[in-house]
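Worksheet: one structure, shown below.
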Amino acid sequence: MHELGVGGLKVTFLGTGTSQGVPVIGCECDVCVSDDKRNNRLRTSVWVEINGVSVVIDSGPDFRYQMLRAEVKRLDAIVFTHEHKDHVAGLDDIRAYNYMQKSAIDIIANDDVQAALRTNFHYAFDPSITGGVPKLNIITLTDSDFELAGTTWTPLPVMHADMNVYGFRIGDFAYLTDVNFISEETIEKMQDLKVLVISALRKFEHPSHYTLDEVLDVVKRLHPETTYLTHMSHLIGLHSDLENELPVGVHPAHDGLTLVSR
């Protein structure tokens, strides 16, 4: 376990891979055939526990297995970063929590994500369908701070090519995924971080993701105490090699890694 500086906060990496996950179907590269479990990366998501409240950021196609693997017994809310399929596809599986908790789950999402959910899970929004559907309590996400679990969450708007994506800051912890541009306004909101989690797809150029070097430039500018890389493809290399290559204070995250408050 690694330490956070936010009282009552625990963060578990449910998945640290890209839209294809790692291993990639049919691939026989060193990463995909590795027997080091840290190179097995489900689609990117984190479980945030704050003062007894259970929140997941994004529900990708691996959501069901991630909840089982991490033994998430209760779910109070899902906060969405953006509408890409690898971040929303597993939403239907909240039905188990609806049943156990006898309540709808809070869904905190911007207008674009809500539109995607209404398309992909149209049956959940159809009042004529009453059985076997996820029960959602939709809360609109904007650029403004919001309260969740008695804690202030600060949205961190970034760009993913031409798509709006939200990262989030909770105290001195920040989480950013699927990013290739951070505005000065958002940079200002990310000062004095203890822990930064940020996506690093691969080492060479991509049209909608920072390269590893570009991520390290962001780290140099923000100088958080510790940085964890997520949303990593098989093309970024082996976990063990990354650990040896990265600067002091920067680490590749892995599925199951837990950060806890002191």
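The values are calculated or read from the model by the stated rules, or taken from the named source; none is laboratory data. What you see is a predicted model, and the numbers here were worked out from it, not measured in a lab. Note that we place each Cβ from the backbone using ideal geometry, even for glycine, and neighbour counts take in every protein chain shown.
On inspection, residue 46 fails the criterion of being under 12 Å from the mean Cα position of the chain (by Cα), closer than 18 Å to residue 139 by Cα and either crowded, with 22+ Cβ neighbours inside 10 Å or not basic (Lys, Arg) (or both).
If you go through region 53-104 and keep only what is closer than 17 Å to residue 199 by Cα and part of a loop (DSSP other than H, G, I, E, B), you end up with 58, 59, 60, 80, 81, 82, 83, 84. Considering only region 68-92, state which residues are crowded, with 21+ Cβ neighbours inside 10 Å and touching a Pro at 6+ places or on another chain (Cβ under 7 Å). Within region 68-92, 86, 90, 91 meet the criteria. Considering only residues in region 122-140 that are in a loop (DSSP other than H, G, I, E, B) and touching a residue at least 24 places away in the same chain (Cβ under 8 Å), the one that is surrounded by the most Cβ atoms within 10 Å (Cβ to Cβ) turns out to be 134. Filtering region 91-118 to residues that are without any contact (Cβ under 8 Å) to a residue 40 or more places away in the chain, over 16 Å from residue 54 (Cβ atoms) and in contact with a helix residue (DSSP H, G or I) (Cβ under 9 Å, 6 or more places away or on another chain) leaves 109, 113, 116, 117, 118. Do the conditions hold for residue 143, that is, is it in a loop (DSSP other than H, G, I, E, B) and on the phi > 0 side of the Ramachandran plot? Answer is no for this residue. Within this structure, residue 217 passes the test of being closer than 29 Å to residue 24 by Cα and free of Cβ contacts under 8 Å to residues at least 12 places away in the same chain. Tell me, yes or no, whether region 26-45 has at least one residue that is within 25 Å of residue 115 (Cα to Cα) and either of a type in the set (D, E, K, R) or part of a strand (DSSP E or B) (or both). Yes - at least one qualifying residue is present in region 26-45.
Scanning region 204-247 for residues that are assigned to a loop (DSSP other than H, G, I, E, B), of a type outside the set (Gly, Ala, Ser) and within 18 Å of the chain's Cα centre (by Cα) turns up 209, 210, 231.
Out of curiosity, is residue 77 farther than 18 Å from residue 257 by Cβ and in contact (Cβ under 8 Å) with a residue 60 or more places away in the chain? Here the answer is yes, as residue 77 does meet what is asked. The set of residues in region 220-245 that are in contact with a Pro (Cβ under 8 Å, 6 or more places away or on another chain) and either without any contact (Cβ under 8 Å) to a residue 24 or more places away in the chain or at positive phi (or both) comprises 242, 243. Remark: pairs (first residue in region 190-202, farther than 12 Å from residue 228 by Cα; second residue crowded, with 23+ Cβ neighbours inside 10 Å and aliphatic (A, V, I, L, M); Cβ separation under 6 Å; 6+ apart in sequence or on different chains) = 190/174; 193/174; 202/236. For region 236-252, the count of residues that are farther than 17 Å from residue 165 by Cβ, modelled with pLDDT under 95 and surrounded by fewer than 16 Cβ atoms within 10 Å (Cβ to Cβ) is zero. Can you confirm whether region 151-161 contains a residue that is surrounded by 21 or more Cβ atoms within 10 Å (Cβ to Cβ), in contact with a Pro (Cβ under 8 Å, 6 or more places away or on another chain), at pLDDT 95 or above and more than 19 Å from residue 4 (Cβ to Cβ)? Scanning region 151-161, I find no residue that is surrounded by 21 or more Cβ atoms within 10 Å (Cβ to Cβ), in contact with a Pro (Cβ under 8 Å, 6 or more places away or on another chain), at pLDDT 95 or above and more than 19 Å from residue 4 (Cβ to Cβ), so the answer is no.
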